[in-house]
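The values are calculated or read from the model by the stated rules, or taken from the named source; none is laboratory data. These figures come from a predicted structure and were not determined experimentally. Note that we place each Cβ from the backbone using ideal geometry, even for glycine, and neighbour counts take in every protein chain shown.
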Amino acid sequence: MELRGVFTIFWALCLSCLIILVAWKKTNKGGKLPPGPTPIPFLGNLLQVRIHGTFQSLMKLHKKYGSVFTVYLGPRPVVVLCGFETLKEALVDQGDDFSGRGEIASIERNFQGYGVAMANGERWKILRRFSLTILRDFGMGKRSVEERIQEEAGFLVEELRKTKGAPVELTFILSRSVSNVISSIVFGNRFDYEDKEFQHLLWMINQSFIEMSNPWAQAYDMYSGIMQYFPGRHNYLYNLIEDLKDFVAHRVKINEASFDPQNPRDFIDYFLIKMHQEKNNPHTEFNLKNLVLTTLNLFFAGTETVSSTLRYGILLLTKYPEVQAKVYEEINHVIGPHRIPGANDRPKMPYTDAVIHETQRMTNIVPMGVPHIVTRDTHFRGYFLPKGTDVYPLLGSVLQEPKYFRYPDTFYPQHFLDEQGRFKKNEAFVPFSYGKRLCLGESLARMELFIYFTSIIQNFSLHSLVPPDDVDISPQVSGFGNIPPTYQLRVVAR
Ligand code: HEM
């Protein structure tokens, strides 16, 4: 009996070693990865990296292992980069090496490497150059992007006025308005706020962002090799994104039906022109898949990030009424009660600018960044990362770095002000990331945040229903994104 027990243990040990060896061979592409916690077979560092709170777990490991370390998310090694110097060295100084897009397993089935945000290599370069040009030139000779934002902020103000100071939850009121800015660029028109299809689209975008951030998606990103064969919540996310793709594909068809190459109306039309120009090139990246998925990238990213940041900002202003009062004072002084705020006002409004920056720092909307990979064999800080190694640039670690932000856990607009009250740039302000993959919508987003914030505070005072000190700004879900908590507020006309 005892001998059988010893044999069982012996065989179990042999089997474990074999599994470790197979997993190691499968995932280790050679190289000399930075040290990190010891993984266990298949489960990787599940004991150290919790799927509830991945970012927080990685921050703990950052304290123990320094600014560059390796964790195994399931069987897959991921090199984690923390802190300003490290991120700058990787994403800027060795920008080409670190410019690849890593796989996000939970949405890979939907994108399969198409669309600017998920693409790599030449495809990505072509789509990024094209998208940036269109976003930059859009509105030249027509209405500028700034005018579109101002008009849409005006509609939002009207909508908020209708609440007449009654308690209201702002998620979709804000996202309808914000989304209309990017909609008018990519689809050529804004939607009526009451449009049921539009409302459903926004609900799907919001749900997708929440789903991508919940523990189930984190688990799927670690164990997709197995989980893909089983039913579960990951299929819900897949279906949401497929529905959004269908909507964009339908809009492309509508554009094609009335397409006039001499008179392009929106992003889709400009892309169609390219498709026509390159129709005899079998290797062109201007094809239907890239059109639909790049448009979806812009529509999605252009909606959820800005409206979540606004929602967080509004919450912070109700929690800190003294900050709200100072922003209002500055608006009154520089813009007055009637003129519509514009981008030119920003340099004259250092306090408001600092509050918006601090809001973005605290909001930390994409705490782990969007995954990267190294595009070739890469030497970094004495380690060797073989081509294709996954890299997480932990943006949140920079936004909370005590060396750059005196009170990292506190809402403190003075992080962005000098002694004379002038706006002070802070190089560790990285919510849009760094380097070659820097957010493609950064300037649009910054203009939107400024015009929306100032338009709202110019017209309304914001009040929480609970005492300001009790407003809890912890995210309702934290994973890929930090999803702001939902709150009933009162928006009172001035
Ligand atoms: C507060 C607002 C926003 C924040 C905080 C934000 C943040 C980010 C971050 C962290 C990335 C990943 C960068 C990387 O891979 O290192 C990114 C990428 C991207 N963003 Fe934004 N974003 C915002 C608004 C927007 C808007 C308005 C648009 C629409 C035009 C947009 C479009 C994109 C696209 C297309 C990418 C992928 C770029 C690429 O892979 O080359 N974003 N954004």
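Some notes on this structure:
- Members of segment 162-184 found to be modelled with pLDDT of 95 or more and farther than 25 Å from residue 318 by Cα, listed by number: 180, 181, 182, 183
- Cβ-Cβ contacts under 9 Å between residues 6 or more apart (or on different chains), taken from a first residue in segment 36-50 that is closer than 17 Å to residue 392 by Cα and at pLDDT 95 or above to a second residue that is acidic (Asp, Glu) and not in a loop (DSSP other than H, G, I, E, B), are absent.
- Selection within segment 106-148 - touching a Gly at 6+ places or on another chain (Cβ under 9 Å) and among the hydrophobic types (A, V, I, L, M, F, W, C): 119, 124, 127, 135, 145
- For segment 93-146, the candidate set comprises residues that are of a type in the set (Val, Ile, Thr) and surrounded by fewer than 18 Cβ atoms within 10 Å (Cβ to Cβ); within that set, the residue that is farthest from residue 269 (Cα to Cα) is 126.
- Contact map, segment 426-448: residues that are in the same structural domain as residue 401 (by TED's automatic domain parsing) paired with residues that are among the polar types (S, T, N, Q) and near the ligand (Cβ under 6 Å from one of its atoms), Cβ distance under 7 Å, separation 6+ or inter-chain. Pairs shown: 439/433; 445/305.
- Failed condition for residue 109, given (1) more than 13 Å from the ligand (Cβ to nearest atom); (2) modelled with pLDDT of 95 or more; (3) of a type outside the set (Phe, Trp, Tyr); (4) more than 15 Å from residue 291 (Cβ to Cβ): (2)
- Breaking point among (1) farther than 25 Å from residue 70 by Cβ; (2) away from the ligand (no atom under 16 Å from the Cβ); (3) surrounded by fewer than 20 Cβ atoms within 10 Å (Cβ to Cβ), for residue 455: (3)
- Residue in segment 122-137 that is acidic (Asp, Glu), under 30 Å from residue 78 (Cα atoms) and under 17 Å from the mean Cα position of the chain (by Cα) present: no
- Any chance residue 148 is part of a loop (DSSP other than H, G, I, E, B) and either over 22 Å from residue 315 (Cβ atoms) or at pLDDT below 95 (or both): no
- Some residue of segment 105-118 being under 28 Å from residue 183 (Cα atoms), in contact (Cβ under 8 Å) with a residue 60 or more places away in the chain, among the β-branched types (Val, Ile, Thr) and assigned to a helix (DSSP H, G or I): yes
- Options 198, 172; residue that is more than 30 Å from residue 372 (Cα to Cα), more than 14 Å from the ligand (Cβ to nearest atom) and within 20 Å of the chain's Cα centre (by Cα): 172
- Residue within segment 70-92 that is within 12 Å of the ligand (Cβ to nearest atom), within 21 Å of residue 441 (Cβ to Cβ), crowded, with 22+ Cβ neighbours inside 10 Å and under 21 Å from the mean Cα position of the chain (by Cα) present: yes
- Candidates 363, 359, 375, filtered to the one that is within 16 Å of the ligand (Cβ to nearest atom) and more than 24 Å from residue 428 (Cα to Cα): 375
- Contacts under 6 angstrom Cβ, first residue in segment 292-317 being among the aromatic types (Phe, Trp, Tyr), partner near the ligand (Cβ under 9 Å from one of its atoms), 6 or more apart: 299/182; 299/186; 312/363
- Out of 443, 464, sole residue that is within 22 Å of the chain's Cα centre (by Cα) and among the hydroxyl-bearing types (Ser, Thr, Tyr): 443
- Residue list for segment 107-138, filter: on the phi < 0 side of the Ramachandran plot and polar (S, T, N, Q): 110, 120, 131, 133
- You will find that of 384, 405, the residue that is surrounded by 15 or more Cβ atoms within 10 Å (Cβ to Cβ), aromatic (Phe, Trp, Tyr), outside any helix (DSSP H, G or I) and away from the ligand (no atom under 16 Å from the Cβ) is 405 and no other.
- Residues of segment 246-258 include at least one that is without any contact (Cβ under 8 Å) to a residue 12 or more places away in the chain, more than 22 Å from the chain's Cα centre (by Cα), in the same structural domain as residue 180 (by TED's automatic domain parsing) and not in a helix (DSSP H, G or I).
- Selection over segment 415-426 of residues that are within 16 Å of residue 360 (Cβ to Cβ) and exposed (fewer than 15 other Cβ atoms within 10 Å of the Cβ) gives a count of 1.
- Filter result (away from the ligand (no atom under 11 Å from the Cβ), in a loop (DSSP other than H, G, I, E, B) and not hydrophobic (A, V, I, L, M, F, W, C)) within segment 413-451: 418, 419, 420, 421, 422, 424, 425, 426, 427
- Some residue of segment 316-331 being more than 16 Å from the ligand (Cβ to nearest atom) and assigned to a loop (DSSP other than H, G, I, E, B): yes
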